[in-house]
Amino acid sequence: MKNKIIWIFGLLTISAISIAYSFTKLSNPKKETVAMECNDVPNTAASSDFKPTVENKFKPAGKNPEGMVWIPGGEFSMGSNVEDESLCSIKGVTKDAAPIHRVHVDGFYMDQTEVTNEEFEKFVKATGYITVAEQKPTKEEFPTANEEDLVTGSVVFTPTPSAVNLNNFLQWWRYEPGTDWRHPDGPQSTIKGKEKYPVVHVVYEDAAAYAKWAGKRLPTEAEWEFAARGGKTGNLYAWGNDLKPKGKFQANIYQGHFPIKDGDTGEDGFKGIAPTGQYAPNAYGLYDMAGNVWEWVNDWYSVDYYKSLAESGKTTKNPKGPDAYYDPNDPAEIKRVHRGGSFLCTDQYCTRYMVGTRGKGEIRSAANHLGFRCVKSI
């Protein structure tokens, strides 16, 4: 069974599930690493790379759709810059989010929170939908696989017994048969009592199917970032430039020793995933635009897409992403963009809760830190 799980784990491209974490190579793998303090704030707002955000004036009449808020759209500077590379001495986190470029998006409605277990369950009951994690992998997908190796399941974060070198993420992820949105921590787990938690173990097509049923869609990456920035210019986080204003965390991220058992101190109020809406909303009334769970957006992932937009020298109107995916690290993997970071993002290893940074994922791979929210055009 162990070999089977490892084999399936490899098939489902855990490299994509790692969500483009930046790798911190330690000089001594036996030495326990200590979380660094992110006290030095890059002066992004003052950078000439960021131009003022100009919001659209139009606001639709009538009430917002239930559970959604109006995002005015407008013109803004999208992405991140090299000044952020000094943050916690972690290099590479902004490489695919540069250069900063000018974008305009039309107004739209957006879910205030990530889609919850309660909401996803209504969709499943209404449609009979079966998520990819609940479907047995087929020989067509994996022609070289043995039949006994084709089992349902998904990927779960598994803390290590002690400190490890952070250059091998396979040490803290496992493929767990019988894991899916109803059983987020393994086949014996349940979502009972977790109705308000974000749904997880959903792949891109699951999220898109829900959105269509709900009369909505997945946001573009540009829409997501405009909404996350809340009308502000060049801030490092969705709430400002200070990770802990007045000493308080503003998002569910990881504090302490990553990825060891009981390493998360829960200083932000939670160890692991949290119910939605536990922190103050951003300026547009959106919750959890950083941390808790990664969120699918509609764009194909291409490492050089921002470069192509910047080189046009124009403000791009309503960009929908590149025409094709491109990741030189995994050229065969079909990927779309993730945004926002998760409860596993830490200043030791992954700082992609920074609003201008990006993640990526293979479109049929899921994990227990990956969800979504929807938008609606007028």
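The values are calculated or read from the model by the stated rules, or taken from the named source; none is laboratory data. Owing to the predicted nature of the structure, the values given are computational and were not obtained by experimental measurement. Every residue, glycine among them, receives a Cβ derived from its backbone with ideal geometry; neighbour counts consider all protein chains shown. For the accessible areas, the whole protein counts, side chains as well, though only heavy atoms, and no ligand, DNA or RNA atoms are used. Shrake-Rupley method; radii C 1.70, N 1.55, O 1.52, S 1.80 Å.
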- Message: Quick check on this structure: which one of 314, 307, 320 is open to solvent by 60 Å² or more (accessible area, probe 1.4 Å), farther than 22 Å from residue 217 by Cβ, in a loop (DSSP other than H, G, I, E, B) and in contact (Cβ under 8 Å) with a residue 24 or more places away in the chain?
- Response: 314
- Message: Take the conditions modelled with pLDDT under 90, within 17 Å of the chain's Cα centre (by Cα), surrounded by 22 or more Cβ atoms within 10 Å (Cβ to Cβ) and among the β-branched types (Val, Ile, Thr) and apply them to residue 357. Does it pass?
- Response: no
- Exactly one of 213, 224, 173 is buried (at least 23 other Cβ atoms within 10 Å of the Cβ) and either hydrophobic (A, V, I, L, M, F, W, C) or under 21 Å from residue 159 (Cα atoms) (or both), and that one is 224
- Enumeration of residues in the range 324-354 that are in contact (Cβ under 8 Å) with a residue 24 or more places away in the chain, aliphatic (A, V, I, L, M) and open to solvent by 10 Å² or more (accessible area, probe 1.4 Å): 324, 334
- Over the range 241-299, the set of residues part of a strand (DSSP E or B) and either on the phi > 0 side of the Ramachandran plot or under 14 Å from the mean Cα position of the chain (by Cα) (or both) is 252, 256, 291, 294, 295, 296, 297, 298, 299
- Message: I'm trying to understand the selection: among the residues of the range 267-277, which are open to solvent by less than 20 Å² (accessible area, probe 1.4 Å) and free of Cβ contacts under 8 Å to residues at least 60 places away in the same chain?
- Response: 268
- Query: Taking the stated definitions as given, is residue 142 surrounded by 15 or more Cβ atoms within 10 Å (Cβ to Cβ), aromatic (Phe, Trp, Tyr) and in contact with a helix residue (DSSP H, G or I) (Cβ under 6 Å, 6 or more places away or on another chain)?
  - Reply: yes
- Query: Inside the range 101-140, can you point out the residues that are assigned to a strand (DSSP E or B) and of a type in the set (Phe, Trp, Tyr)?
  - Reply: 108, 109
- Message: So, in the range 110-123, how many residues would count as being of a type in the set (A, V, I, L, M, F, W, C) and open to solvent by 10 Å² or more (accessible area, probe 1.4 Å)?
- Response: 0
